[in-house]
1. Within segment 164-182, identify whether any single residue is closer than 30 Å to Asp319 by Cα, modelled with pLDDT of 95 or more and in contact with a His (Cβ under 8 Å, 6 or more places away or on another chain), and answer yes or no.
2. Does Lys76 satisfy the criteria of being surrounded by fewer than 18 Cβ atoms within 10 Å (Cβ to Cβ) and within 23 Å of Gly120 (Cβ to Cβ)?
3. Looking at segment 290-332 only, could you name the residues that are surrounded by fewer than 14 Cβ atoms within 10 Å (Cβ to Cβ), in a loop (DSSP other than H, G, I, E, B) and at pLDDT 70 or above?
4. Ile229 - would you say it is surrounded by fewer than 20 Cβ atoms within 10 Å (Cβ to Cβ) and at negative phi?
5. Looking at (1) among the aliphatic types (A, V, I, L, M); (2) surrounded by 16 or more Cβ atoms within 10 Å (Cβ to Cβ); (3) within 24 Å of the chain's Cα centre (by Cα), which one does Leu254 not meet, given that it meets all the others?
6. For the structure I just gave you, tell me whether Phe284 is of a type outside the set (A, V, I, L, M), farther than 19 Å from Leu151 by Cβ and in contact (Cβ under 8 Å) with a residue 24 or more places away in the chain.
7. Return the pairs, sorted by first residue and then second, in which the second residue is part of a helix (DSSP H, G or I) and of a type in the set (D, E, K, R), the first residue lies in segment 128-148 and is crowded, with 17+ Cβ neighbours inside 10 Å, the beta carbons are less than 7 Å apart, and the residues are 6+ apart or on different chains.
Amino acid sequence: LYSFFSFLQQRSPASTSGDEVNLGPSANPHARPTDFDFLAVIGKGTFGKVLLAKLKADNKFYAIKVLQKKVILKKKEQKNIMAERNVLLKSLTHPFLVGLHYSFQTPEKLYFVLDYVNGGELFFHLQRERCFSEPRARFYAAEVASAIGYLHSLNIVYRDLKPENILLDAQGHVVLTDFGLCKEGIEAESTTSTFCGTPEYLAPEVLRKQPYDRTVDWWCLGAVLYEMIYSLPPFYSRDISEMYDGILHKPLPLRPGKSEAVCSLLVGLLQKDQNRRLGAIADFLEIKNHVFFSPINWDDLYHKRITPPYNPNVKGPADTQHIDPEFTREMVPSSVSRTPEFNASTSSNNAFNGFSFVSNEDSFLTS
């Protein structure tokens, strides 16, 4: 793969600034913003917004991530954006990872044309239902584990697994999105040390600012599974210092009424010692072989032959009923065209605005 943010020295005909970005094999030099009708804001981040768009040529719908070049450069986040683009390119072959169709640019912005996934964030559905049954939680956890296992096979650590980054497609299958905190080149015995993630889901070794490995993702899977079962992340507290103390020092609270299998899996995934955590030895294989997942036929799961436990009942590709209305009520930026007749959903459900961060000598990222 080409280096994503090596700026070309020569001036491109499509740019008057000279700040052409080498988008590598994802680049479509013929694409322009005017190829699309931009319909609604469906997500926001530090560097720009995610817009629902319809390609004029064939009326197909896409999610387009629009990133501001000047903000990326100001915050010195070129490496993180490069990693996201690289992971998007590698993720095309997995059924539970969002796909990148192509990318293009203007002098001021980068555009990533992605699958539009409109079954809603897992967080959106959790907020509405509070918790899931064990069979439903097992299905989502299995599809997420399959996606994480695939990333690990490519020596990629995800590092920001949380319900906000897990989408459901129109049929109810999981689609993992947002690869901005991914770390490439982490082999089985490798570690990294960047302090990053989302507070409620941080593993103890990350909090301690110790070197950590792939098992950080299995801790996050445990935290997400715990939230699906118990309605809140493990050790959750509005007092951040109290929550961190629980993550570091307190035993895992397991309220009665749940199966031995799910409790066993949660204890294994939420093991504070990363060397004793489930997945520390054989990675995804250990997760697959746990008794909690014994009802799962993993080949059928991968090929989507298992009927999802919940159908979002989307009414079509433009349906935004499961998108946070905080976004869909917002006007599309004036720099892109808006289709007046499009009416975004005004559902009353409001999801919590969580944040992710990456902290090192040069950068601090919130989204």
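The values are calculated or read from the model by the stated rules, or taken from the named source; none is laboratory data. Since we're looking at a predicted model, the values are computed, not measured. Cβ sites come from the backbone with ideal geometry, for glycine too, and all protein chains shown count toward neighbours.
1. yes
2. Values: surrounded by fewer than 18 Cβ atoms within 10 Å (Cβ to Cβ): yes; within 23 Å of Gly120 (Cβ to Cβ): no.
Answer is no for this residue.
3. Result: Ser294, Pro295, Asn297, His303, Arg305, Thr307, Asn311, Asn313, Lys315, Gly316.
4. Working: surrounded by fewer than 20 Cβ atoms within 10 Å (Cβ to Cβ): no; at negative phi: yes.
In short, no.
5. Condition not satisfied by Leu254: (3).
6. Values: of a type outside the set (A, V, I, L, M): yes; farther than 19 Å from Leu151 by Cβ: no; in contact (Cβ under 8 Å) with a residue 24 or more places away in the chain: yes.
Spelling it out, it is not the case that Phe284 is of a type outside the set (A, V, I, L, M), farther than 19 Å from Leu151 by Cβ and in contact (Cβ under 8 Å) with a residue 24 or more places away in the chain.
7. Ile148/Asp217
Let's see how each residue does on (1) in a loop (DSSP other than H, G, I, E, B); (2) hydroxyl-bearing (Ser, Thr, Tyr); (3) within 23 Å of Phe132 (Cβ to Cβ); (4) at pLDDT 95 or above:
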| site | (1), (2), (3), (4) |
| --- | --- |
| Leu232 | yes, no, yes, yes |
| Phe235 | yes, no, yes, yes |
| Ser241 | no, yes, no, yes |
| Pro251 | yes, no, no, yes |
| Leu254 | yes, no, yes, yes |
| Ser264 | no, yes, yes, yes |
| Arg277 | yes, no, no, yes |
| Ile281 | yes, no, no, yes |
